[in-house]
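Encoded as structure tokens, the structure appears first; notes follow it.
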């Protein structure tokens, strides 16, 4: 396996209770808990039907959630048709926003886009739109 050196030159993110990595870090340092009780009707089934304090198949062992709620996507500067952007699941709006912010976080010379890679981590349950696909 051939290994190429890499450099992390830009970072960005959107988190529950933090619109960027600086606010996220401040929340960590200040021990801010961004979780709260699952809002009624957030899940398909009533919370008490799927809650179990012990880990079990098809059960949630917590009644607390971390949700990104105060995110407003600004498509300015994204070279994608507006109709397509508007039709995208909000998960993609967050990914496009974070990607744009990570690129703007780079302090570097103009880059050859053929040599730019991205690692996208979406550690989350599906959005409402993505979840609806599973319900037919």
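The values are calculated or read from the model by the stated rules, or taken from the named source; none is laboratory data. Remember, it's a predicted structure, so these values are computed and weren't measured experimentally. All Cβ positions, glycine included, derive from the backbone under ideal geometry; neighbour counts span all protein chains shown.
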| request: Identify, from the list 78, 44, 85, the residue that is under 22 Å from the mean Cα position of the chain (by Cα), surrounded by 10 or more Cβ atoms within 10 Å (Cβ to Cβ), at pLDDT below 90 and within 30 Å of residue 103 (Cα to Cα). | output: 78
| query | If you go through segment 48-55 one residue at a time, do you hit one that is exposed (fewer than 15 other Cβ atoms within 10 Å of the Cβ) and within 30 Å of residue 85 (Cβ to Cβ)? | reply | no
| task | Of the numbered conditions (1) farther than 23 Å from residue 96 by Cα; (2) touching a helix residue (DSSP H, G or I) at 6+ places or on another chain (Cβ under 8 Å); (3) modelled with pLDDT under 90, residue 63 fails exactly one; give the number of that condition. | result | (3)
| said: List pairs: first residue in segment 78-92 and in contact (Cβ under 8 Å) with a residue 40 or more places away in the chain and at negative phi, second residue surrounded by 11 or more Cβ atoms within 10 Å (Cβ to Cβ) and in a helix (DSSP H, G or I) anywhere in the structure, Cβ distance under 6 angstrom, at least six positions apart or on different chains. | reply: 89/129; 89/130
| Enumeration of residues in segment 24-55 that are closer than 30 Å to residue 104 by Cα and touching a residue at least 24 places away in the same chain (Cβ under 8 Å) | 34, 35
| task | Looking at (1) at pLDDT 90 or above; (2) within 15 Å of the chain's Cα centre (by Cα), find the lone condition where residue 69 falls short. | result | (1)
| query | For segment 1-23, which residues satisfy the criterion of being farther than 18 Å from residue 104 by Cα and either in contact with a strand residue (DSSP E or B) (Cβ under 9 Å, 6 or more places away or on another chain) or loosely packed, with under 14 Cβ neighbours inside 10 Å (or both)? | reply | 1, 2, 3, 4, 5, 6, 16
| query | Hey, does segment 4-23 have a residue that's closer than 21 Å to residue 98 by Cβ and assigned to a strand (DSSP E or B)? | reply | yes
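Taking the condition of being part of a loop (DSSP other than H, G, I, E, B) and either free of Cβ contacts under 8 Å to residues at least 40 places away in the same chain or more than 26 Å from residue 20 (Cα to Cα) (or both), how many residues in segment 56-68 meet it? So that I can check it myself, show each step before the final result.
Going through segment 56-68, the residues part of a loop (DSSP other than H, G, I, E, B) turn out to be 56-59, 61-63, 66-68.
Still in the list and also either free of Cβ contacts under 8 Å to residues at least 40 places away in the same chain or more than 26 Å from residue 20 (Cα to Cα) (or both): 56-59, 61-63.
Number satisfying all stated conditions: 7.
Among what's in segment 24-38 and is part of a loop (DSSP other than H, G, I, E, B) and touching a strand residue (DSSP E or B) at 6+ places or on another chain (Cβ under 8 Å), pick the residue that is surrounded by the most Cβ atoms within 10 Å (Cβ to Cβ). Working first, answer last.
The first filter runs over segment 24-38 and keeps only residues part of a loop (DSSP other than H, G, I, E, B), leaving 30-35, 38.
After this cut, where a residue has to be touching a strand residue (DSSP E or B) at 6+ places or on another chain (Cβ under 8 Å) as well, the list is 34-35, 38.
Values: 34: 15, 35: 14, 38: 17.
Only one residue tops the list, namely 38.
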